[in-house]
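Down below is the structure, laid out as structure tokens.
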Amino acid sequence: MAAPEVHAVAEEQDPAVLAALVQLFGPDGRSDPYTPARVLREAGPIHQTPLGHRVLTRYEDCAAVLSTTAWSHAEEAGMMHPTVKPENAADELPTSFLWMEPPDHTRLRNLVTKGFTPRMVTRLRPRIEELSEQLVDNCLAAGEFDLIEQIAYPLPLIIACELIGVPKEAYGQVHQWSQDLARGFDHDYTLPEESLKARSAASRGFMGYFRELLNERRVDPKDDLLSVLSQVEDRGDVLSEQELLATCITTFVAGHETTANLIGTGMLRLLRAPDQIQALRDRPELTAVAPDELLRLEPSVQITTRAATRPITVAGHDFETGEGVVILINSANHDERVFADPDRTDVARYSDPMNPAKKHLGFSLGIHYCLGAPLALLEMEVLLDVILRKVSALELLSEDPPFKPNVVIRGLESLQVGFKPA
């Protein structure tokens, strides 16, 4: 299926809608994408950006597109990264099954699933607890610190490296590559030249590095995901080396970059709502459901795309086969038609099994539902539990912490906080 060409908008735009679109996708939208998203949502269910893409603003429409195979995710490269030539896409954007559809998506996802079974994730809890306690103890000793640098990145980075099989001496390098790739998920036309070059260098660096590790595991297997993947070909499965490498990269970046953002923005939400920290202290069982509320409020992946696989109508617009749409997860998760008082942090929102809140879109829906969702939620749950046990007072030291420039994969650059021991 050919991706639709990017073109300028010919139709007239409501000035308020155009201003909201510019704010949402521009630098001013990083610290607060939810105010312009609300303007768009109230103005209508669908709008057109200056680049010519249609955007969906409301939950029901977004959920409908994400949950059906009438829409494909395989065209995101063409929609978001027009500067990458198709023949170079595998090297420049090694996304594996992330941007595939069945049967290839099913084949590759099933391979990675072996490393994320409920049993495998449960086995990681003691290690996550141990590491969370170490990180929090270090921060308590310091008193004041950058939560992003000292907790939000180290926790999921170390867990992802240990799960996949990346040795300690490479932690710093793979972390930098991961950040460069995450930045590169934004639309090419919004990225400065140095970001495009960094994305290319990170992709090629990752490919070469994981190629070496996979070759080592073929000779000397270990108890990690790399070893599982390295032996796939030996069992007769159809899997190219390119697919193996891209699968490793996708699993690593998705396994630590988005979780780091969840920890950072989630803790910022709690620090700004001390009554909700107290609610967690009063009802410790809420630490198991609070991460879903924090991800609803602050989805790590703010937007995604799909392209119609057949003529279809959504939000009153008739889409032709191959026509793309941008799904505003940040808007859908705050849709007042679905979530009561949607901008309020409520750690008990997902606690009532008899009257559950609507499923947020932070992990997507359908066949592209996030494979690492249980692990991300577990890491946030365990960290919250450790903080509540070890920390008596939490203080936000900067009222306006800086965000990274990323639009698609959004997160904090730093978060200066203070911890006092219990």
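A quick yes/no check of all residues on (1) in contact (Cβ under 8 Å) with a residue 24 or more places away in the chain; (2) surrounded by 16 or more Cβ atoms within 10 Å (Cβ to Cβ); (3) closer than 22 Å to residue 178 by Cα; (4) in contact with a helix residue (DSSP H, G or I) (Cβ under 9 Å, 6 or more places away or on another chain):
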| position | (1), (2), (3), (4) |
| --- | --- |
| 261 | yes, yes, yes, yes |
| 269 | yes, yes, no, yes |
| 311 | no, no, no, no |
| 328 | yes, yes, no, yes |
| 335 | yes, yes, no, yes |
| 338 | yes, yes, no, yes |
| 345 | yes, yes, no, yes |
| 350 | yes, yes, no, yes |
- Task: Go through (1) surrounded by 15 or more Cβ atoms within 10 Å (Cβ to Cβ); (2) in a loop (DSSP other than H, G, I, E, B); (3) not polar (S, T, N, Q) one by one and return the number of the condition residue 78 breaks.
- Result: (2)
- Query: Just checking, which of 230, 203, 195 is touching a Pro at 6+ places or on another chain (Cβ under 8 Å), at pLDDT 85 or above and of a type in the set (S, T, N, Q)?
  - Reply: 203
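Residues in the stretch 36-57: is at least one of a type in the set (Lys, Arg), within 20 Å of the chain's Cα centre (by Cα) and surrounded by fewer than 22 Cβ atoms within 10 Å (Cβ to Cβ)? Write out each step before concluding.
We begin by selecting, within the stretch 36-57, every residue of a type in the set (Lys, Arg); these are 38, 41, 54.
Those left that are additionally within 20 Å of the chain's Cα centre (by Cα): none.
Checking the stretch 36-57: not a single residue is of a type in the set (Lys, Arg), within 20 Å of the chain's Cα centre (by Cα) and surrounded by fewer than 22 Cβ atoms within 10 Å (Cβ to Cβ).
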- Given (1) crowded, with 19+ Cβ neighbours inside 10 Å; (2) at pLDDT 95 or above; (3) among the small types (Gly, Ala, Ser), index of the condition residue 160 fails: (2)
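Show me the helices (runs of 4 or more DSSP H) entirely contained within the stretch 88-163 in which 1 or more residues are touching a strand residue (DSSP E or B) at 6+ places or on another chain (Cβ under 6 Å).
Details: elements: 89-92, 104-113, 118-123, 125-142.
Result: 125-142.
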- Check residue 142 against each of (1) at pLDDT 85 or above; (2) surrounded by 20 or more Cβ atoms within 10 Å (Cβ to Cβ) and name the one condition it does not meet. (2)
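Okay, residues lined up against (1) more than 24 Å from residue 75 (Cα to Cα); (2) in contact with a His (Cβ under 9 Å, 6 or more places away or on another chain); (3) crowded, with 19+ Cβ neighbours inside 10 Å; (4) of a type outside the set (Phe, Trp, Tyr):
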residue: 278; (1), (2), (3), (4): yes, no, no, yes
residue: 288; (1), (2), (3), (4): yes, no, no, yes
residue: 295; (1), (2), (3), (4): yes, yes, yes, yes
residue: 299; (1), (2), (3), (4): no, yes, yes, yes
residue: 308; (1), (2), (3), (4): no, no, yes, yes
residue: 320; (1), (2), (3), (4): no, no, no, yes
- Counted residues in the stretch 176-216 being free of Cβ contacts under 8 Å to residues at least 60 places away in the same chain and either among the basic types (Lys, Arg) or part of a helix (DSSP H, G or I) (or both) come to 20
- Note on the structure: Going through (1) among the aliphatic types (A, V, I, L, M); (2) surrounded by fewer than 15 Cβ atoms within 10 Å (Cβ to Cβ); (3) not in a helix (DSSP H, G or I) one by one, residue 84 fails only at (2)
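Just give me the residues in the stretch 287-302 being farther than 15 Å from residue 386 by Cβ and not β-branched (Val, Ile, Thr), in sequence order.
From the stretch 287-302, those farther than 15 Å from residue 386 by Cβ are 289, 292-302; that's our starting set.
If the condition is that a residue be farther than 15 Å from residue 386 by Cβ and not β-branched (Val, Ile, Thr), then 292, 293, 294, 295, 296, 297, 298, 299, 300, 302 are the ones that fit.
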- Message: For the stretch 49-69, give me the residue count where each residue is at pLDDT 95 or above and in contact with a strand residue (DSSP E or B) (Cβ under 8 Å, 6 or more places away or on another chain).
- Response: 9
- Query: Restricted to the stretch 164-208, and to residues that are acidic (Asp, Glu) and surrounded by 14 or more Cβ atoms within 10 Å (Cβ to Cβ), which residue is nearest to residue 405 (Cα to Cα)?
  - Reply: 186
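Please state which one of 260, 246 is of a type in the set (Gly, Ala, Ser), closer than 21 Å to residue 164 by Cα and either in a loop (DSSP other than H, G, I, E, B) or modelled with pLDDT of 95 or more (or both). Spell out how you get there, then give the answer.
Values: 246 fails: either in a loop (DSSP other than H, G, I, E, B) or modelled with pLDDT of 95 or more (or both).
None of the others qualify; the one that does is 260.
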- Within the stretch 344-389, how many residues are among the aromatic types (Phe, Trp, Tyr) and closer than 20 Å to residue 286 by Cβ? 2
- Note on the structure: Checked against (1) under 21 Å from residue 382 (Cβ atoms); (2) in contact (Cβ under 8 Å) with a residue 12 or more places away in the chain; (3) surrounded by fewer than 21 Cβ atoms within 10 Å (Cβ to Cβ), residue 148 satisfies every condition except (3)
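The values are calculated or read from the model by the stated rules, or taken from the named source; none is laboratory data. Keep in mind that this is a model prediction, so the values were computed, not measured. All Cβ positions, even for glycine, are placed from backbone atoms using ideal geometry, and neighbour counts span all protein chains on display.
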